[in-house]
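First up is the structure itself, then whatever we jot down about it.
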Amino acid sequence: MSKKINTVANINAISAEFIKSYGSRPIKTTLPDSINSIEEAKKYLTDLYNNKEDYHCDDDAGDCLRGISEQDANHMNYLMNEVHKYLADPCMFLLELSGHNMED
């Protein structure tokens, strides 16, 4: 257990050092300009999930994804608002991607 805690502490320290040196960390997901359909909403959430950059859909991206730029966080928040226009429950979609079936 202590090794796991130390590993998490090491990752956090490395992340903090990177942010201090470079200002922000790049994100892996290519952010679209906008979301204009159910398919685009699902693709965006799937891309976030596959890149391990998914977060709770009702939260602020900048609060959840430590170290990303303010510009990326703001655009991700905009995109998540767009996703909500096309998917009734984007969080459920993310849970289904992770293999959780909430209907059982």
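Before moving on, here are some points about what is shown:
- For the range 53-65, the criterion of a residue being assigned to a loop (DSSP other than H, G, I, E, B), surrounded by fewer than 14 Cβ atoms within 10 Å (Cβ to Cβ) and in contact (Cβ under 8 Å) with a residue 12 or more places away in the chain is satisfied by at least one position.
- Considering each residue of the range 33-48 in turn, at least one proves to be outside any loop (DSSP other than H, G, I, E, B), among the β-branched types (Val, Ile, Thr) and modelled with pLDDT of 90 or more.
The values are calculated or read from the model by the stated rules, or taken from the named source; none is laboratory data. Note that the structure is a prediction, hence the values are computed from the model and not measured. As a convention, Cβ positions derive from the backbone with ideal geometry for all residues, glycine included, and neighbour counts pool all protein chains shown.
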